[in-house]
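The values are calculated or read from the model by the stated rules, or taken from the named source; none is laboratory data. As the structure is a prediction and not an experimental result, all values here were calculated from the model. Here the Cβ positions follow ideal geometry from the backbone for every residue, glycine too, while neighbour counts run over all protein chains shown.
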Amino acid sequence: MMFEHLVVFKFNDKITSDKQQEFVAQLLALQEQVPGIVDLTAGVNITEETDRIQGFTIGLRVTFEDQEALRNYGPHPAHQAFVASLNGWVENVIVTDYPIPSR
């Protein structure tokens with residue numbers, strides 16, 4: 001069974017749009033670096049529901065081939081390098097993982 005991994009990032013007020021785009025590019029590159037990723041999308045939040053955004057400005061969706069691939073993602077060096085690059089920029093992160101039927 002495949003697994004979906006959803007993440008939204010809330011950054012501090014020092015973040016620039018260029019830095020946000022840099023983070024998005026780093027996230028997109030993970031698909032080529034981490035085994036077991038079936039699909040990956042990431043981008044800057046453009047919702048018009050401004051009363052609901054609560055400062056969360058980047059979203060990430062990763063589909064993994066199975067739960068083992070999801071478990072291996074966290075400690076993978078490419079993912080750890082991305083997490084380290086967030087130091088000093090992030091105020092909050094929300095993560096949700098759930099199984100999805102194979103397509």
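Could you say which residue among Val44, Val38 is under 15 Å from the mean Cα position of the chain (by Cα) and more than 13 Å from Glu4 (Cα to Cα)? Result of the check over Val44, Val38: Val44. Evaluating Ile15 against the criteria (1) assigned to a loop (DSSP other than H, G, I, E, B); (2) free of Cβ contacts under 8 Å to residues at least 40 places away in the same chain; (3) hydrophobic (A, V, I, L, M, F, W, C) leaves one unmet condition, (2). Within region 86-100, the only residue that satisfies the criterion of being exposed (fewer than 13 other Cβ atoms within 10 Å of the Cβ) and of a type in the set (D, E, K, R) is Glu91. Hey, can you tell me all the residues within region 41-63 that are of a type outside the set (S, T, N, Q) and within 16 Å of Gln21 (Cβ to Cβ)? Those that are of a type outside the set (S, T, N, Q) and within 16 Å of Gln21 (Cβ to Cβ): Ala42, Gly43, Val44, Ile46, Ile58, Gly59, Leu60. Restricting attention to region 92-103, which residues are charged (D, E, K, R) and either modelled with pLDDT of 95 or more or part of a helix (DSSP H, G or I) (or both)? Answer for region 92-103, where residues must be charged (D, E, K, R) and either modelled with pLDDT of 95 or more or part of a helix (DSSP H, G or I) (or both): just Asp97. Has region 22-36 got any residue that is at pLDDT below 95 and surrounded by fewer than 16 Cβ atoms within 10 Å (Cβ to Cβ)? No, because not a single residue in region 22-36 is at pLDDT below 95 and surrounded by fewer than 16 Cβ atoms within 10 Å (Cβ to Cβ). Among all residues of region 32-48, there is none that is touching a residue at least 60 places away in the same chain (Cβ under 8 Å) and either in a strand (DSSP E or B) or of a type outside the set (Gly, Ala, Ser) (or both). Using beta carbons and a limit of 6 Å, which pairs, at least six apart or on different chains, have the first residue in region 68-95 and within 18 Å of Gln33 (Cα to Cα) and the second one among the hydrophobic types (A, V, I, L, M, F, W, C)? Correct list of pairs: Leu70/Phe3; Leu70/Phe64; Tyr73/Val34; His76/Val34; Ala78/Leu30; Ala78/Val34.
When you scan region 67-85, how many residues do you find that are in a loop (DSSP other than H, G, I, E, B) and either surrounded by 15 or more Cβ atoms within 10 Å (Cβ to Cβ) or at pLDDT below 95 (or both)?
Just the residues of region 67-85 that are in a loop (DSSP other than H, G, I, E, B), to begin with: 74-76.
After this cut, where a residue has to be either surrounded by 15 or more Cβ atoms within 10 Å (Cβ to Cβ) or at pLDDT below 95 (or both) as well, the list is 76.
Counting residues in region 67-85 that are in a loop (DSSP other than H, G, I, E, B) and either surrounded by 15 or more Cβ atoms within 10 Å (Cβ to Cβ) or at pLDDT below 95 (or both) gives 1.
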